[in-house]
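The values are calculated or read from the model by the stated rules, or taken from the named source; none is laboratory data. Just so we're clear, the structure is a prediction, and the values are computed from it rather than from any experiment. Note that we place each Cβ from the backbone using ideal geometry, even for glycine, and neighbour counts take in every protein chain shown.
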Amino acid sequence: MYFKQSKFFIVGISKSGYSACVALLNMGVECFIYDQNASEKIKENMHKLIERGAVLVNEDGVESQLQKCDVVVISPGVPIDNKIPVLARKMRKNIIGELELGSMLVNNPKVAITGTNGKTTTCSLVEHVIKKEGIGCFLAGNMGIPLCDKVGSDPDHIAVVEVSSYQLESVSHFRPHIACILNISPDHLARHYNMENYVYLKGRILKQLRESEYAVLNYDDSTVREYATQTRAKVIYFSLTERIDGAYVRNGYIYYNDELILNVSDLQLKGGHNIQNALAAVCICKLLKISTKSIKEGLSDFCGVKYRQQVIATYKEITYINDSKSTNAQSTVSVVKGEYENMILLIGGRDKGEGYDQLFAEICATNKVKSVILYGESRARLYKIACECGLNDVYTVVSFDCAVKFAHMIAKPGDYVILSPACASFDQFASFEERGDRFNQIVNDLSTGGAD
């Protein structure tokens, strides 16, 4: 692509779109920007870009300006069936996402990780281990750092990129050196329409891999295992149950192709899902030629990531845990099946179109959940499903703040109050991070006597 000879139309000026535009303007490229969102942050971003030479396009000028542009760049938050990409496709314009643009501009070796759950944890774990080896490394992608932000990075540093299904809607040439798919379960079906389309989109991370690249796949997930037939790359598996070509567990120890790595009990991260994340990290780091010593040390002292089963406070023997990043039912199931007892679960937000029957069935099947508090936009639907599954100790409240305060009110010494929403945050918050920060703030106020 000849950047300086092309005109770019950028749709969506939040974090990713803003980053894409800055990268292009830094190259002297002519950019046109559009966003129908009128939030203060978007307005601020637009103002900064206009000051740097970008041209603002209003609603009436979209069609005429699209005619003049060569490439349309869409942010992950803009669906591929949005009216502007649809119009651009009819005009035979080149449509790419910020991830695709970033992959063209950032020449570092790339590790790309996708899956329904565990992406952020696995990316952070891989970065942690690589740095143990003394090798330069940075995180980018869906975890909040657009790849375009990393233009100009030291070319010897390894890019560990978290990739979402939203981003994969708009890639066609993205080619990491190592691509990993952790797991597949229903998620984002309100956007992707059906499970078949969601599975297809996740598989696009493998589409451009050649024989010289690697695909790291979860052998225990039948859907993920099937991706092996769809790639030319060399496939490396990880498994909790089978001794395979790759990383696996045997007699309580993690191995990589018969080489002992460490005892599972040495992991700071607990739960079967986190053992799978560790196995995926072992495969990736071994393919990067990281020493076993660094892998063992990194896995042993990695304590997790923010908003993922993060212990916030213990007050009057009540423990508060922030799992705001659990934005789908399967992720919350992992919490229910985990190590905690006497749980008071906060579930709710915006429904993503998935089923919740399995989640409430798991809650009913265990004696570890004392109460469930449902809140937000999806509370009525969730309450109906919970009752149909036979759940008794279930409450509904309207607001997130009320849910946290009510949980605090009914909790007893020895209980765990866990925010694990199983839903998107967008009914009351701009992101799961904002929701998690609000949880922390309320808990802090309650434990210090500062809440109303």
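Tabulated results
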| quantity | calculated |
| --- | --- |
| Unmet requirement for Val22, which otherwise passes all of (1) over 30 Å from Lys289 (Cβ atoms); (2) surrounded by 22 or more Cβ atoms within 10 Å (Cβ to Cβ); (3) under 28 Å from the mean Cα position of the chain (by Cα); (4) modelled with pLDDT of 95 or more | (2) |
| Selection status of Leu288, over 17 Å from the mean Cα position of the chain (by Cα), at pLDDT below 95 and not aromatic (Phe, Trp, Tyr) | no |
| Any hit, the range 303-324, residues being in a helix (DSSP H, G or I), at pLDDT below 95 and of a type outside the set (Phe, Trp, Tyr) | no |
| Condition met for Ile74 (crowded, with 23+ Cβ neighbours inside 10 Å and in contact with a Pro (Cβ under 7 Å, 6 or more places away or on another chain)) | yes |
| Options Gly97, Gly28; residue that is on the phi > 0 side of the Ramachandran plot and either in contact (Cβ under 8 Å) with a residue 40 or more places away in the chain or touching a helix residue (DSSP H, G or I) at 6+ places or on another chain (Cβ under 7 Å) (or both) | Gly28 |
| Candidates Lys289, Lys316, filtered to the one that is basic (Lys, Arg), on the phi > 0 side of the Ramachandran plot and assigned by TED's automatic domain parsing to the domain that holds Ala424 | Lys316 |
| Test for Val311: is it without any contact (Cβ under 8 Å) to a residue 24 or more places away in the chain and under 25 Å from Ile236 (Cα atoms) | no |
| Pair list, Cβ under 6 Å, 6 or more apart: the range 423-443 residue in contact (Cβ under 8 Å) with a residue 60 or more places away in the chain and surrounded by fewer than 21 Cβ atoms within 10 Å (Cβ to Cβ), other residue aliphatic (A, V, I, L, M) and not in a loop (DSSP other than H, G, I, E, B) | Asn440/Ile312 |
| Residue, surrounded by the fewest Cβ atoms within 10 Å (Cβ to Cβ), within the range 118-146, restricted to residues that are in contact (Cβ under 8 Å) with a residue 12 or more places away in the chain and either assigned to a strand (DSSP E or B) or in contact with a His (Cβ under 7 Å, 6 or more places away or on another chain) (or both) | Gly136 |
| Condition met for Ile13 (hydrophobic (A, V, I, L, M, F, W, C), crowded, with 21+ Cβ neighbours inside 10 Å and either out of contact with any strand residue (DSSP E or B) (no Cβ under 7 Å at 6 or more places or on another chain) or in a loop (DSSP other than H, G, I, E, B) (or both)) | yes |
| Among the residues listed as Tyr383, Tyr340, Tyr395, the single one being assigned to a loop (DSSP other than H, G, I, E, B) and aromatic (Phe, Trp, Tyr) | Tyr340 |
| Subset of the range 236-291 (residues that are of a type in the set (Asp, Glu) and part of a helix (DSSP H, G or I)) | Asp266 |
| Of all residues in the range 77-113 being of a type in the set (D, E, K, R) and assigned to a helix (DSSP H, G or I), the one that is surrounded by the fewest Cβ atoms within 10 Å (Cβ to Cβ) | Lys90 |
| Residue tally, condition part of a loop (DSSP other than H, G, I, E, B) and without any contact (Cβ under 8 Å) to a residue 40 or more places away in the chain, over the range 1-10 | 1 |
| Residue within the range 293-301 that is in contact with a helix residue (DSSP H, G or I) (Cβ under 6 Å, 6 or more places away or on another chain) and within 29 Å of Gln358 (Cα to Cα) present | no |
| Residues (of a type in the set (Asp, Glu) and either touching a strand residue (DSSP E or B) at 6+ places or on another chain (Cβ under 6 Å) or free of Cβ contacts under 8 Å to residues at least 24 places away in the same chain (or both)) located in the range 35-58 | Glu40, Glu44, Glu51 |
